[in-house]
Amino acid sequence: MYDVLIVGCGIVGAAAAYQLSKYKLSVCVCERYNDVANGCTKANTAILHAGFNSPVGSLEARLNVRGIELAAEICEKLSVERIQMPTFIIAYDTPHELAYIEKLYERGVANGVKGLRIVDRDEALALEPGLNPNIRAALYAPGSGIVNPWEYCIAMAETAVRNGAEVKLESEVTAIEKKDDYFVVTTSTGIYEARYVVNAAGAFSADVYALVGGKDLIQKNYAGQYYILDKSQGEKLHSIIFPCPDERGTKGICVTPTVHGNLLVGPDFYEVQDGDHVGTDPATLENLKEAGHRSVPGVDFREVIHEYAGVRPNTNCPDFVIGEAPECPHFINLAGIKSPGLSSAPAIAEELEQILAQCGLTLEKKDHFTDRRERIIFRTLSDDEKREVIKRDPLYGRVICRCETVTEGEIVEAIHRPIVPRTIDAIKRRCNAGMGRCQGGFCSPRVHKILARELGVKEEDILMDEQGTFLITSALKEEAADENGI
């Protein structure tokens, strides 16, 4: 019998587990994928939004502003890559766009966003020379930033486990039955009991809510495609750039650096019926180039190294859906967490804590809580620091991923963390191996062998990413030799 069972271990579920693991509670997280951060969390713009875009008075606005305050502290404690970086919303010489940035400014001030101001063309270009010189003005927001989104999620989930929480992977929730004062939760790997259930299922939140009789929440997921460009392009920009929204009211095609030094362009916007729909389309991807050039003309799209798509977990409700379900006491929804969900996640976890207390859950702080997480990012070290690390562990002297300078020591350390990565892409999310110009062409076979060795399994058992993505099925040469009696 758990005190709290959380459905989903994306950024919101991980933040919830992290926050609740500070208390004397038994916490379980059930995740449908074979790794955490493997849904919406791994495929987004990785921006910690300043908070000027959210409707005044909304949950979204309040939790966004609080969330980015908490993110600075959490990322520092848990060794997560985060860079403070300003945002520009650019406007050309049209009444609509100039009026819109005025509206965003007023909204941001009302939301409590600090440092907002409208700058003219000359000041905007002085602050960010990569901008289109034809702009007329821009909203300037210095309080935003970028983060490694999957590492942010992994760090909070790992810290929760270090403090006693349990994470059960490949455990899709298929049924929830309410007894008198507890729940029986059926998953693909077992049946669990819990006094409280928290729905943090992202693009499948409405489906999970329906398991306890929820009928009013309807999932309306949208997908968006992105380009990732080589680090040669990342050096051209030092800010997050958005245009004014299009006629549908979306944020538009963003151009932003990443914490790893690349440049990201996207996303577009289209509705999808399946929350797992992350396929890309070459024809529509082309539209990103024109939009990207309109904001930042110097982007060279010949330097694209990867394309991907991500799902945004919208619902029929305009705001975040957070609170105890009226149909089912002690079932808490953290649903409809669209953008700025990544920015808001730790504040959403604080909100959950208050809701659980109001529902009657006793929250007693632990005598000891591990709130530090150290990891070595070899490429960021000085030469002297690298020599010292290699002296302590020679595995750090063997570079496995040449594009990103990721060592065997980093990969082995990641494999032995509290939430064990079992796939090549799980290592990529933890160490960045395979995210460079060659996209794993050089390092993937080496990562494959290291995983099999460290986990004590056959190479045939190692997957690329999700369930079913096998790389090796048999040793063909040996089989052929045996058949010929050699």
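The values are calculated or read from the model by the stated rules, or taken from the named source; none is laboratory data. Every value quoted in this text rests on a predicted model; they were computed, and no experiment measured them. Backbone-built Cβ (ideal geometry, glycine too); neighbour counts: all protein chains shown. The area values use the complete protein model at the heavy-atom level, side chains included, leaving out ligands, DNA and RNA. Shrake-Rupley method; radii C 1.70, N 1.55, O 1.52, S 1.80 Å.
Observations on the structure shown:
- Region 243-255, residues that are in contact with a Gly (Cβ under 6 Å, 6 or more places away or on another chain) and either touching a residue at least 60 places away in the same chain (Cβ under 8 Å) or closer than 21 Å to Gly39 by Cβ (or both): Pro243, Pro245
- One residue stands out among those in region 356-393 that are assigned to a loop (DSSP other than H, G, I, E, B) and of a type in the set (Val, Ile, Thr): the one that is most open to solvent (accessible area, probe 1.4 Å), which is Thr362.
- Total residues in region 347-382, condition in contact with a helix residue (DSSP H, G or I) (Cβ under 6 Å, 6 or more places away or on another chain) and hydroxyl-bearing (Ser, Thr, Tyr): 1
- For region 198-215, the set of residues classified as farther than 15 Å from Ala15 by Cα and among the β-branched types (Val, Ile, Thr) consists of Val208, Val212, listed by residue number.
- In region 109-125, the residues that are closer than 22 Å to Ser295 by Cα and open to solvent by 50 Å² or more (accessible area, probe 1.4 Å): Arg117, Ile118, Asp120, Arg121, Asp122, Glu123
- The residue pairs whose first member lies in region 13-33 and is within 22 Å of Glu364 (Cβ to Cβ) and in a loop (DSSP other than H, G, I, E, B), whose second member is open to solvent by 10 Å² or more (accessible area, probe 1.4 Å) and polar (S, T, N, Q), and whose beta carbons are closer than 7 Å, counting only pairs six or more residues apart or on different chains, are Ser21/Asn163.
- Enumeration of residues in region 256-302 that are small (Gly, Ala, Ser) and in contact (Cβ under 8 Å) with a residue 40 or more places away in the chain: Gly266, Gly275, Ala291, Gly292, Ser295, Gly298
- Just one of the numbered conditions (1) touching a helix residue (DSSP H, G or I) at 6+ places or on another chain (Cβ under 8 Å); (2) open to solvent by less than 40 Å² (accessible area, probe 1.4 Å); (3) closer than 17 Å to Val167 by Cβ is not true of Tyr33: (1).
- Matching residues in region 225-245 - criterion: being open to solvent by 50 Å² or more (accessible area, probe 1.4 Å) and modelled with pLDDT under 95: Glu235, Lys236
- Options Tyr222, Tyr192, Tyr182: the member that is of a type in the set (Phe, Trp, Tyr), closer than 17 Å to Gln273 by Cα and open to solvent by 10 Å² or more (accessible area, probe 1.4 Å): Tyr222
- Tyr227 being under 27 Å from the mean Cα position of the chain (by Cα) and not in a strand (DSSP E or B): no
- Residues of region 395-419 classified as outside any helix (DSSP H, G or I), in contact (Cβ under 8 Å) with a residue 24 or more places away in the chain and not polar (S, T, N, Q), total: 10
- Among the residues of region 91-108, those identified as open to solvent by 80 Å² or more (accessible area, probe 1.4 Å) and free of Cβ contacts under 8 Å to residues at least 40 places away in the same chain are Pro95, Glu102, Lys103, Glu106.
- Selection within region 91-117 - in contact with a Leu (Cβ under 9 Å, 6 or more places away or on another chain) and over 15 Å from Asn53 (Cβ atoms): Tyr92, Arg117
- Test for Ile74: is it part of a strand (DSSP E or B), touching a residue at least 60 places away in the same chain (Cβ under 8 Å), out of contact with any Asp or Glu (no Cβ under 7 Å at 6 or more places or on another chain) and open to solvent by less than 40 Å² (accessible area, probe 1.4 Å): no
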